[in-house]
1. Which residue is modelled with the lowest pLDDT, if the candidates are limited to region 67-95 and must be closer than 18 Å to residue 133 by Cα and surrounded by 14 or more Cβ atoms within 10 Å (Cβ to Cβ)?
2. Going through 118, 105, 134, 125 one at a time, which residue ends up being touching a helix residue (DSSP H, G or I) at 6+ places or on another chain (Cβ under 9 Å) and modelled with pLDDT of 85 or more?
3. What's the number of the condition residue 113 fails, among (1) outside any helix (DSSP H, G or I); (2) modelled with pLDDT of 90 or more?
């Protein structure tokens, strides 16, 4: 009976060792697969982050272009004589255009036959627009 018990114990120990080996192998394989999956996921998330950043930069540039050109709609309405132009838009457009004219005159006064009195008149008009209370 004792010999049978010892034999049974030896078989059980052998089976447990075999199960333990299979379990360790399975755990190792799962760890490798999980590690590989995590690495792939991190790589993919980094790609998506980079794409999102690039897209955000492009959207920012488009929004900036739209905002910087928004005054052109007001200028177009002003030129057409539309009544939908707000006084603040007239002021901003007027100051912008007149300052551009002053800059152009500074660079071209010697080249052209533009009267020299035009520059102070434009400067005065800019000052009036800046003082305009809306």
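The values are calculated or read from the model by the stated rules, or taken from the named source; none is laboratory data. Worth saying up front: this structure is predicted, and the values here are computed from it rather than measured. Positions of Cβ are backbone-derived with ideal geometry, glycine not excepted, and every protein chain shown enters the neighbour counts.
1. First, the residues of region 67-95 that are closer than 18 Å to residue 133 by Cα: 85-95.
Of the ones still in play, those that are also surrounded by 14 or more Cβ atoms within 10 Å (Cβ to Cβ) are 85, 89-95.
On the way: 85: 79, 89: 82, 90: 85, 91: 88, 92: 85, 93: 86, 94: 88, 95: 90.
So the residue we want is 85.
2. Working: 118 fails: modelled with pLDDT of 85 or more; 105 fails: modelled with pLDDT of 85 or more; 134 fails: modelled with pLDDT of 85 or more.
It is 125.
3. Just one mismatch for residue 113, condition (2).
Per-residue answers, yes or no, for (1) closer than 30 Å to residue 132 by Cα; (2) exposed (fewer than 10 other Cβ atoms within 10 Å of the Cβ); (3) in the same structural domain as residue 131 (by TED's automatic domain parsing):
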| site | (1), (2), (3) |
| --- | --- |
| 10 | no, no, no |
| 15 | no, no, no |
| 22 | no, no, no |
| 31 | no, no, no |
| 61 | no, no, no |
| 65 | yes, no, no |
| 97 | yes, no, yes |
